[in-house]
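These notes are about the structure you will find just below.
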Amino acid sequence: MRKLTTVALVGAMALTSFAFADSSRENSFGEGGVFTDDVVNSFTLPTTVAENPNALYLELGGGFDSVGNDAFNNVPGASPNSSIKGQAWGGVDKKMGPGVLSIWGNRPFTVDSGAFFGTNAFSAFTLTVPTANGGGGTPSTGFLTPQQQIDLIYGWELSDTTTIGIGLNRAVNDLRTEVDNNPGATTVVERSSSNYGLSLGGEMKDLGPLSFLNIGVQYNMLGDTNTNNNGTINNQITKNGSEIDVRIAGEMKGDKGSFQNFQAILNMDGLDFKSVPGQAAPANSYMEAKESSLGWLLGWAMGMSGEKGMGLGGLVLKGLSGDLDEGYSNVTNKQDSSNLALDYVAALEAKPKDWVTTRAGFATTLYNSGSTTVDTGAVKTINSNSGAPKTTISLGLGLSLGDFVLDGSLNQDLLYNGPFLLNGVPTQLFSQVSLTYAWGEAKE
């Protein structure tokens with residue numbers, strides 16, 4: 001099996017018994033995890049699976065949220081890989097035919113396009129939707145979250161220098177409630193949600209000064225419908241959206257284990273909410289709302305790797321912009337938001353013993369600027385700020401147990417609270433835990 005050509009795994013190859021990693025390891029590097037292109041990024045870089053045959057990955061729950069600390073370094077909505085507390089998921093890569101087939105089940109679904117509506121971090125409006133009784137709720141209320149997500153990814157090496165990959169994913173959720181108000185009318189409430197995605201990727205090795213160049217594109221289509229029919233009044237609310245993720249990763253190797261790595265990430269999202277009321281809508285209810293957002297990241301790092309560890313430091317420039325329009329009663333509200341930030345990041349991995357690996361990540365804000373413009377037709381308000389500086393430290397631990405590797409992101413509360421036996425405060429040792437197992441070629 002040829003070695004993985006990913007910057008953080010250059011060191012990891014010498015640190016673990018097999019050449020792959022998991023989301024606990026990646027999150028242990030914090031924002032520096034953007035410079036790892038291992039198996040947990042195979043959903044946007046499908047060629048990754050071709051380099052990891054015959055391996056099992058289990059995400060046992062816990063982890064970071066998709067907006068605050070994700071694999072794509074706090075680009076809101078850019079990562080589908082964040083773990084949800086209490087929800088386990090996993091996958092297996094198996095040599096099949098000329099390539100490797102990867103099957104993942106129950107990967108957490110995150111509504112990237114819902115950053116405005118879902119978190120209300122940007123929305124300045126009180127949005128409501130008509131219902132049968134004339135009331136309403138926010139657009140994010142009442143829509144189901146797609147479940148039962150499955151990913152099928154196939155990657156194969158066309159030659160020693162060229163690898164291609166393709167992936168498919170889908171998640172669905174449906175609910176129907178029927179109440180017979182005998183002798184009155186029957187009320188039927190139906191909700192459905194679905195997401196279907198396609199990813200394509202290609203990797204080239206020994207491309208001029210680059211030891212590798214990996215490019216991946218993923219497209220997702222989201223659809224949601226809610227209907228409420230009480231026999232007299234029939235209301236319907238729909239939410240349709242699309243998402244495009246693009247990731248480019250490259251590496252230049254130097255002497256004595258030195259390297260330089262760059263990352264480019266682009267995320268484009270759009271959502272369209274429409275309500276068709278079965279009666280005269282309340283004055284403050286919208287008939288249609290549209291949202292679009294653009295998130296991007298440019299990262300560069302340099303470092304060294306060897307038999308006992310790996311270290312890197314670099315810069316991450318990231319931006320987010322979005323607009324939100326909603327219209328009702330001949331009135332249109334508009335909102336535009338943008339943010340630009342520059343962070344310094346560092347990551348370290350060391351193996352003091354054959355069976356234990358330690359990890360740490362550091363990130364601090366060097367520059368941050370944001371602005372929001374709200375236009376209600378009658379009033380236009382512009383707010384701008386430099387934001388509060390932020391410095392984060394993350395820690396991780398990996399244990400090699402024969403052919404098994406148990407990785408965990410350390411819960412930093414433990415460092416301050418101490419163990420339960422000392423102070424009576426229940427604190428978990430790990431905030432996220434992953435288990436990996438390899439056989440055959442994956443161990444070579």
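The values are calculated or read from the model by the stated rules, or taken from the named source; none is laboratory data. None of these values were measured; they are calculated from a predicted model. Neighbour counts are summed over all protein chains in view; Cβ atoms, including those assigned to glycine, are modelled from backbone coordinates with ideal geometry.
Listed by position, the strands (runs of 3 or more DSSP E) inside the range 307-407 whose residues that are touching a residue at least 40 places away in the same chain (Cβ under 8 Å) number at least 2 are 309-328, 331-353, 356-375, 391-401. Criterion applied to S394, S409, S400, S434 was being within 26 Å of G32 (Cα to Cα) and at pLDDT below 85, and the one residue passing it is S409.
Just wondering, is there one or more residues in the range 235-246 that are assigned to a strand (DSSP E or B), in contact with a Leu (Cβ under 6 Å, 6 or more places away or on another chain) and at pLDDT 90 or above? Yes, the range 235-246 has at least one match. None of L200, L175 is surrounded by fewer than 15 Cβ atoms within 10 Å (Cβ to Cβ) and in a strand (DSSP E or B) except L175.
Within the range 89-103, not a single residue is at pLDDT below 80 and either closer than 25 Å to W300 by Cα or buried (at least 24 other Cβ atoms within 10 Å of the Cβ) (or both). Restricting attention to the range 144-168 and to residues that are part of a loop (DSSP other than H, G, I, E, B), within 30 Å of N226 (Cβ to Cβ) and of a type outside the set (V, I, T), the residue that is farthest from the chain's Cα centre (by Cα) turns out to be L144.
Out of all the residues in the range 334-352, which are at pLDDT below 90 and surrounded by fewer than 20 Cβ atoms within 10 Å (Cβ to Cβ)?
If we filter the range 334-352 for residues that are at pLDDT below 90, which is where we start, we get 334-339.
Those that are at pLDDT below 90 and surrounded by fewer than 20 Cβ atoms within 10 Å (Cβ to Cβ): K334, D336, S338, N339.
Only one of the numbered conditions (1) in contact with an Asp or Glu (Cβ under 6 Å, 6 or more places away or on another chain); (2) surrounded by fewer than 21 Cβ atoms within 10 Å (Cβ to Cβ) is violated by A249, and that is (2). Restrict the check to the range 297-310 and report whether at least one residue is surrounded by fewer than 19 Cβ atoms within 10 Å (Cβ to Cβ), acidic (D, E) and more than 21 Å from the chain's Cα centre (by Cα). Looking through the range 297-310, at least one residue is surrounded by fewer than 19 Cβ atoms within 10 Å (Cβ to Cβ), acidic (D, E) and more than 21 Å from the chain's Cα centre (by Cα). Being more than 30 Å from F262 (Cβ to Cβ) and in a strand (DSSP E or B) is not true of N182.
Determine, yes or no, whether D224 is part of a strand (DSSP E or B), out of contact with any Gly (no Cβ under 8 Å at 6 or more places or on another chain), surrounded by 14 or more Cβ atoms within 10 Å (Cβ to Cβ) and of a type outside the set (K, R). Yes.
Can you confirm whether I237 is within 30 Å of the chain's Cα centre (by Cα), surrounded by 18 or more Cβ atoms within 10 Å (Cβ to Cβ) and of a type in the set (A, V, I, L, M, F, W, C)?
Working: within 30 Å of the chain's Cα centre (by Cα): yes; surrounded by 18 or more Cβ atoms within 10 Å (Cβ to Cβ): yes; of a type in the set (A, V, I, L, M, F, W, C): yes.
So I237 passes the test.
Take N214 and tell me if it is part of a strand (DSSP E or B), in contact (Cβ under 8 Å) with a residue 60 or more places away in the chain and surrounded by 17 or more Cβ atoms within 10 Å (Cβ to Cβ). The answer is yes for N214.
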